[in-house]
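Notes for the one structure printed next.
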Amino acid sequence: MTDLVVAGDAVVAQLDARFSKPVGRTILERTLKGRVRPRGAVVLRQALALVRHRVRSPMESRARLMFVFAGFPEPEVNAPLTDLQGGWLAEGDLVWRAQRVVGEYQGRDHADPAQASIDSFRRQLLEDNMWRVKDLWSEDTRHGARRRTTLLSFANALELDPASLILD
C-alpha cells in the first residue's frame, strides 16, 4: 500500500506541476473509475484515498504514512508556517498546525554545510515564533526501536496518548 501511495503522490505532483494547479488527484480518480478490469481496484482506491497534493519526495510520503498508520492526526504536507500574527515564515514538510509542531525530513542535501546553515537559521526563526521543529530521518521510518522512539517523541510533542497509537 505504501509504495502505491508514494507513486500516487509523485504522479499527482507531476500532473499538478504540468497543469499549474491541483488537478492531479482528480485525474487519477477519473483514470481509476475508467478502468475496465476490476482486478486490484479495491487496493488502488484505498491507496488513492491516501494520495495528497504538495508532496515533494518519496520520503515525505513514507513519513506521513508512518504517522497516519500509527493513528496520529494527519499532518498537512508542505504547508505554510506563520508567526502568531499570521505572517509567513517558512514552509514545513509535515505540519500539525493546531499544536504548532512541524516534522522536517532531513535528506542527503541537508548535510551540505551551506544548507545546514540555512536549516539552522530557519529552525531558530520557527522556534522563536512558537513552532516546535522535529527532525525526521530515513531510519526513523523503518520498523524497530528507532521508529517507535520517533513516534513516541512526536506523540509527546503533539500531546497524544501513546496508548491510543499503534507504535510497532
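Take the residues of region 88-113 that are assigned to a loop (DSSP other than H, G, I, E, B) and either open to solvent by less than 30 Å² (accessible area, probe 1.4 Å) or polar (S, T, N, Q) (or both): which is modelled with the lowest pLDDT?
First pass over region 88-113, keeping only residues assigned to a loop (DSSP other than H, G, I, E, B): 100, 106-107, 112.
Subset that is either open to solvent by less than 30 Å² (accessible area, probe 1.4 Å) or polar (S, T, N, Q) (or both): 106-107.
Working: Gln106: 92, Gly107: 81.
This residue is Gly107.
So in region 2-46, with the set limited to residues that are open to solvent by 90 Å² or more (accessible area, probe 1.4 Å) and among the hydrophobic types (A, V, I, L, M, F, W, C), which one is modelled with the lowest pLDDT?
The selected residue is Val36.
So Arg142 clears everything in (1) open to solvent by 40 Å² or more (accessible area, probe 1.4 Å); (2) closer than 30 Å to Pro22 by Cα except one condition, right? Which one?
Arg142 satisfies every listed condition except (2).
Starting from region 123-140, keep only residues that are assigned to a helix (DSSP H, G or I), then list their pairs with residues that are open to solvent by 80 Å² or more (accessible area, probe 1.4 Å) and modelled with pLDDT of 95 or more whose Cβ atoms are within a distance under 8 Å, requiring at least 6 positions of separation or different chains.
As it stands, the answer is Glu139/Arg146; Asp140/Arg146, since those pairs meet every condition given.
Six or more apart or on different chains, Cβ atoms under 7 Å: show the pairs whose first residue is in region 22-43 and within 26 Å of Asn78 (Cα to Cα) and whose second is among the β-branched types (Val, Ile, Thr).
Final answer for the pair search is Gly24/Val11; Gly24/Val12; Arg25/Val12; Arg25/Val51; Leu28/Val11; Leu28/Val12; Leu28/Val51.
The values are calculated or read from the model by the stated rules, or taken from the named source; none is laboratory data. What you see is a predicted model, and the numbers here were worked out from it, not measured in a lab. Here the Cβ is made from the backbone with ideal geometry for all residues, glycine too, and neighbour counts use every protein chain on show. Calculation scope for accessible area: heavy atoms of the full protein, side chains included, ligands and nucleic acids excluded. Shrake-Rupley method; radii C 1.70, N 1.55, O 1.52, S 1.80 Å.
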